[in-house]
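Some notes on the structure that comes next.
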Amino acid sequence: MKTALGPLLALPLAACALNSAAQDKRPNILLFMVDDMGWQDTSVPFTDSITANNRKYLTPNMERLAASGMKFTSAYASAISSPSRCSLITGANAARHKVTNWTLHRDRTTDEKSDVATPPEWNYNGISMVPGINNTFVGGSFVENLRGAGYHTIHCGKAHFGAIDTPGENPVHFGFEANITGSAAGGLATYLSEKNFGHRQDGTPVSPFAIAGLEKYWGTGTFATEALTQEAIKALDKAKKYNQPWFLYMSHYAVHIPVDRDMRFYQKHLDRGLGEKEAAYASLVEGMDKSLGDLLDWIEANGEADNTIVIFMSDNGGFAASNEWREGELHTQNAPLRSGKGSLLEGGIREPMIVRWPGHTAQASQCDDYVIIEDFYPSILEMAGVECNDTIDGVSFVPLIEGTSNPSKGRALLWNFPNAWGLPGPGIDFNCAMRLDNWKIIYNYVTGEKELYDLAKDPFEHRNLASVNKKKLGQMSTLLGNLLRERGAQRPTLKATGLPAPWPDEL
């Protein structure tokens, strides 16, 4: 894979071919994506010890997957859903594709009002594989590459790639041959079939977040997570007859708000001593974990366990914060990481990630080197044996799995959020950030404040070294400014001056 070079470079459509050596037994691929799941929303520890938050949750199937594969302790995404999902599909960093906040309605920004800054004219219509819609990033799709190489491709659950009435609203546009419920919606009205998943009795949706395509489950008492799992299994039953390898993107709405109670598990968590809000959230988590287990069971029962890659990931941090703000108001915590969804502190961008690739990942192994969501594009294609010359920002993490090299070393990861999400909290609104080896810098476009952390010594970002190590701060500021400009990043305009906010190396 090539890496992206210039700030104005649009990522081309696929020019991919199947390795001749890979044609005999191509692996099936299950990408299991969870929505808003924090690093600690699981009984699987992603730090050196089991934390109090790990003990809140029961995720035996995540434990099962981790025991049979490789756990990534430094896997990153964007702080908000749409930027992550657009990076996943296109392989482009969010600074380049400019879908930097969440998308929904065509030609309508989702930024909250701010007294101090105006967000840039970002790509609020999302991504597309064809030109023609304003405020849209045009790029390739790794799914289309898989389809072109002979894979049967299935989307199930949440999409959130483009706004309503744009090509990007439909996963089929990106190479999925089957689409189960995927739309422009970034969340759901309700998980409850008793409420028709957000529809009135006459079938009209109560909001853009109503889940379409699950009418057969209305009024049955089937939780949305379970309904999607059943539909995914039906799609796999069909795929098995095609004599093709398959790719299933199992993209759950769980564990996104609303925190509806999954009654299959809710009482259990009350009995374990959790409060009502915590028990409701734990039931969402366990329902998601059951879905993972059901799919793993299907793979094993159909004799495909030795030839199926399973990848587990979340699209951003948990909808929570550390004890610094709004303690008790939200339903989960990311501690020992600080902050949560929407923040460029670790709690907003570090995710639980597990990979099981039979014959390649060692059982119960662990990788502490960092990866980021756009890396899935080249990695999945390489694991599938599909050669590509696409120009992208993502870097394959296959060498980390196989121990052949370390592409993380000396590689800068970039985040850009020149937007106003609206919730208060540290690291939220008008920020950019970069990680380079063990060092991380966060820069606020509005205040000019900089934070500098040595993640090797301070992984939970408790000690800001900006005033202590000014030499390193200057180096990181220069690198961050250069990388932002290279990727064509946008910045907000300051209302006090009417001018664009300074780049981090201009202060």
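The values are calculated or read from the model by the stated rules, or taken from the named source; none is laboratory data. Worth saying up front: this structure is predicted, and the values here are computed from it rather than measured. Every residue, glycine as well, gets a Cβ built from its backbone with ideal geometry; the counts of neighbours run over all protein chains shown.
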Only one of A163, A94, A184, A79 is in contact with a Ser or Thr (Cβ under 9 Å, 6 or more places away or on another chain) and closer than 30 Å to G221 by Cβ; which?
-> A184
Among helices (runs of 4 or more DSSP H) lying entirely in the stretch 46-147, which contain 1 or more residues that are more than 21 Å from the chain's Cα centre (by Cα)?
-> 60-67
Could you count how many residues in the stretch 197-222 are crowded, with 20+ Cβ neighbours inside 10 Å and either closer than 25 Å to L296 by Cβ or touching a residue at least 60 places away in the same chain (Cβ under 8 Å) (or both)?
-> 4
Does A420 qualify as being more than 23 Å from the chain's Cα centre (by Cα) and assigned to a loop (DSSP other than H, G, I, E, B)?
-> no
Yes or no: L484 touching a residue at least 60 places away in the same chain (Cβ under 8 Å), within 26 Å of the chain's Cα centre (by Cα), closer than 26 Å to N101 by Cβ and buried (at least 18 other Cβ atoms within 10 Å of the Cβ)?
-> yes
Determine which member of the set P502, P418 is surrounded by 22 or more Cβ atoms within 10 Å (Cβ to Cβ) and either more than 17 Å from D393 (Cα to Cα) or in contact with a strand residue (DSSP E or B) (Cβ under 8 Å, 6 or more places away or on another chain) (or both).
-> P418
Picking from G498, G481, G488, G448, the residue that is among the small types (G, A, S), part of a helix (DSSP H, G or I) and farther than 21 Å from R350 by Cβ would be G481
Report whether or not G328 is under 17 Å from the mean Cα position of the chain (by Cα), of a type outside the set (F, W, Y) and modelled with pLDDT under 95.
-> no
Counted residues in the stretch 436-481 being of a type in the set (A, V, I, L, M, F, W, C) and within 22 Å of the chain's Cα centre (by Cα) come to 5
Restricting to strands (runs of 3 or more DSSP E) lying wholly in the stretch 281-391: which have 1 or more residues that are crowded, with 24+ Cβ neighbours inside 10 Å?
-> 308-314, 350-356
In the stretch 373-420, what residues are closer than 30 Å to P502 by Cβ and in contact with an Asp or Glu (Cβ under 6 Å, 6 or more places away or on another chain)?
-> E374, D393, G394, V395, S408, N419, A420
Can you name the condition, by its number, that T225 falls short on among (1) among the polar types (S, T, N, Q); (2) touching a residue at least 60 places away in the same chain (Cβ under 8 Å); (3) assigned to a loop (DSSP other than H, G, I, E, B)?
-> (3)
